[in-house]
């Protein structure tokens, strides 16, 4: 398929939203040459933000990964994650003093507890004393024993009715060139199917993720939605979500959507990006 | 189940979002006594808006229904509909001069064409000349022959890849005390399942509907999300959508959720409203 | 992909099950040259049967189509249809004297009523007198007004709880080289989703269809399942159903699965036929 | 709801199919008094069989559980399990000398390997040497580390296309009065959703399970389908499956379907048993 020059496209926008995995980085590290893109955006005065379905780490930790790799432009204030939506939800919805049960690493829960909320890992719950547990969060696929804790979660949610948050809607994520790993979104689906209840999900393609980024952008610059470009490698999250929210969209072929499959994926899915580019890299 | 007084609840909020069907009206007309609720809100200086999954009529027409019934408070500027989201989408996304194909009544399309966009009913499409047709809208279950036009829609969307909007996510709607009718959301699902593409849906419980109302509210009053009460009769649209968006929620038992089933519906669905009230009627 | 000679494969089996559409016929008529295949099977003493997801016509009518086209080998006793399963179900399950409501053509119902059962088209039902209506059948997508009769069906099935049969599981069928039409299986799904009940479905890939054919075969010849070859053009019905029932399977590329997509379809679906052949035609 | 006497019903049939869990046994052991039922059936000359969605143990082991509890009537030859269907599938479909990968206990695989087939647990697979692995079986939720082995399974099935069997379609099973546990059927769904392939499932309500029992019955007695009574506690497996296969069905309220919910479950599901009985126990 004929792709367009990312430089020629991006220059027409006031702000850019970047997906992280497959656009800025992959399993090996930073996408080679991506540094130049941000130098270009800085020079042109185009604002940029990173939208990521990630609830395993805080924005600070996500940003420090880029800092360590030498991409100094991606600072904490540039990062908008589905974990932030979950945290904000709990802050307004959970009664003071009550506790949020979770599946995930201690680190993923640390982000919530740093906002003044009490958390408890499923493994540490005493099933005879659920009084103060008011809400539940699926945070990360790591940090717990699936055999034990998924079964315990199911019986906890059958025993006590509470609001359940899934802080990352993804089903899987790549771990190396060939292999993937089950993401917490798929484990949440397993539990939801068995107990027949309705969980609240945060993350692209849901509008709330784009709204978070848009409200963040408005603090920096007065901009309309169609003056923002969403750049992503996945039709089903980045592109359909961006389209629906009223953004223009650029599909890049450096990640999930392979170059020789892009045309067939677009026509079979009916999800049509405004542009298709090889990658988000700009040669200067 | 023990319900709370709507008056005692609503007085603590700066603004209220009302679902329409089952809250303000039913198949017989206005919910008896609902007028007093708006008199109370006016007196207290509480702002109010109506959020409705309706793309069959313009806000003007929806408002005039209330006017005719004598509820003068519901004016055009108070109404936020999924049809408005669809219209806004087309206004920013459809190339100037191009045409939107639709299923629905002429009236439902009139709303789109009044915004300067060209529309064509599926029945009037010449399948050999699709050049200017750029997008597709499911607007209303009435106004077309399902046998002919659903099949024609399927073959149109197979022949030309285009963005498809479903402007009302509902599956059915009540037509009298006992009977329901298939809504356009269910017909869109039928088509989507057969052609295997991904449509864009507008309407509760999706965040974009609540965002539309929130942005409208911010023009009237500076308010945080948790200072707004969402009032609805349906757990799966009004309540879960409101909860997720960060609003407080009141389930009323005057419509879709029957009083003797409310408890079991809440516990089996896992969708927990902030309050449960008999209705939104306030006795003065 | 490298395909095998159908002649070299079929000669090793005692019986063959043929799918109809895409294998023996297409929208234009008989697959050219298919006559020779049956001459070969007759000469070799290999038994053959036709398995079809069709409830719009009786086996007699289905057979007479082949007769008219000059394929004299396909006689009524060779045909096994999902409509036969539905009819057999009603014969054992419906109380004597009671009535079966249906959606479809008069012709499709004639087949049921010829077995001594009373039928009534949805359009003719008096909703105030449902006493003798005991069961419901989705038979054909033609013969009724979808707008009126789908809504009437939904309210009928909400008003009276009864067993519902879907006599053809297909979602769509081809009407010419480019176009498809909604099949009754998809309309049944629409109704099932709205009323939330569980219908009984007959047709490939369900085991009951293969069992019907296997029991028929056993009347002609003593044969084990793995001595039978299922020949079909669709992975999701013919091939997975045949595999599961213990038959060997041959995917032919003369219908639904296009030659240049066969490899990718097999690897992405995980449905692996025993063989792949260009078609079921044998050159003699 | 008014229930019928199991004795008055069962006496009219030539054979009975019993579901195991919730009918003959529960988490505490045998259903009290069930022994008398089999004494009655023996005296009346009514044949009986047990149909169970269980692939964790061989029929021998399943039977010996009943023997140990003192119910001598349930012998190996009376038991028909979904595991038997899986084993039979592999016996006809797997090339001699090739290996079946599995998730489950060693014991569950022992049943397959005792039929002369090679098996390998997912944990023991060398991902660089998949040559002889031809098929895959989901056998039991126990016996493996879900974190490691579900991820390994996903990457195995992405790397090599093979036929996948799910030998138990159940989503969960009770472990005590209040708690349930995830069953292998739900874990298989998780994997299937992530890799997007189509697995073959064995177990009620699928016709193949009833066919296995019917063919077994025909070895003992010449009987038509409507002369057999299927007895089960679950509408979605035992009753709808039995109805569809042409059996008469009795729902018992001693397990999954609670007495005070039976009416609402039947009317909301549309799955209508021929009879409803308190239990399968006969007082003599």
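Some notes on this structure:
- Per-region count, segment B:33-52, residues in contact (Cβ under 8 Å) with a residue 40 or more places away in the chain and either closer than 19 Å to residue B:173 by Cα or not in a helix (DSSP H, G or I) (or both): 4
- Segment B:118-142, residues that are under 22 Å from the mean Cα position of the chain (by Cα) and either surrounded by 19 or more Cβ atoms within 10 Å (Cβ to Cβ) or within 18 Å of residue B:197 (Cβ to Cβ) (or both): B:119, B:135, B:136, B:137, B:138, B:139, B:140, B:141
- Residue D:205 being within 14 Å of chain C (Cβ to nearest Cβ) and within 29 Å of residue D:247 (Cα to Cα): yes
- For segment B:66-77, the count of residues that are surrounded by 19 or more Cβ atoms within 10 Å (Cβ to Cβ), within 23 Å of residue B:207 (Cβ to Cβ) and touching a helix residue (DSSP H, G or I) at 6+ places or on another chain (Cβ under 8 Å) is zero.
- Residue match in segment C:172-185 (condition: closer than 25 Å to residue B:173 by Cβ, out of contact with any strand residue (DSSP E or B) (no Cβ under 9 Å at 6 or more places or on another chain) and away from chain D (no Cβ under 14 Å)): no
- Positions within segment A:215-237 being at the interface with chain B (Cβ under 9 Å from one of its Cβ atoms) and in contact with a strand residue (DSSP E or B) (Cβ under 8 Å, 6 or more places away or on another chain), in sequence order: A:226, A:235
- Among (1) farther than 20 Å from residue B:82 by Cβ; (2) within 11 Å of chain A (Cβ to nearest Cβ); (3) free of Cβ contacts under 8 Å to residues at least 12 places away in the same chain - the single one residue B:248 does not satisfy: (3)
- Scan of segment D:190-201 for residues that are under 28 Å from residue D:22 (Cα atoms) and within 14 Å of chain C (Cβ to nearest Cβ), ordered by number: D:199, D:200, D:201
For (1) out of contact with any strand residue (DSSP E or B) (no Cβ under 9 Å at 6 or more places or on another chain); (2) under 21 Å from residue B:183 (Cα atoms); (3) at pLDDT 95 or above; (4) facing another protein chain (nearest Cβ under 10 Å), each residue gets a yes or a no:
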site: C:127; (1), (2), (3), (4): yes, no, yes, yes
site: C:132; (1), (2), (3), (4): no, no, yes, no
site: C:138; (1), (2), (3), (4): no, yes, yes, no
site: C:145; (1), (2), (3), (4): yes, yes, yes, yes
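- Scanning segment D:83-90 turns up at least one residue that is away from chain C (no Cβ under 14 Å) and closer than 23 Å to residue D:238 by Cα.
- Residues that are closer than 15 Å to residue C:194 by Cβ and without any contact (Cβ under 8 Å) to a residue 60 or more places away in the chain, drawn from segment B:146-177: B:146, B:171, B:172
- Segments classed as strands (runs of 3 or more DSSP E), wholly inside segment D:162-271, with at least 3 members that are modelled with pLDDT of 95 or more and buried (at least 19 other Cβ atoms within 10 Å of the Cβ): D:163-166, D:228-232, D:248-252
- Unmet criterion (only one of (1) within 22 Å of residue B:243 (Cβ to Cβ); (2) touching a helix residue (DSSP H, G or I) at 6+ places or on another chain (Cβ under 7 Å); (3) part of a loop (DSSP other than H, G, I, E, B)) for residue B:2: (2)
- Residue count, segment A:143-156 (criterion: part of a loop (DSSP other than H, G, I, E, B) and surrounded by 16 or more Cβ atoms within 10 Å (Cβ to Cβ)): 2
- Taking the numbered list (1) touching a helix residue (DSSP H, G or I) at 6+ places or on another chain (Cβ under 9 Å); (2) within 14 Å of chain B (Cβ to nearest Cβ); (3) surrounded by fewer than 21 Cβ atoms within 10 Å (Cβ to Cβ) in turn, residue A:98 passes all entries but (1).
The values are calculated or read from the model by the stated rules, or taken from the named source; none is laboratory data. Keep in mind the model is a prediction, meaning the values are calculated, not measured. Every residue, glycine as well, gets a Cβ built from its backbone with ideal geometry; the counts of neighbours run over all protein chains shown.
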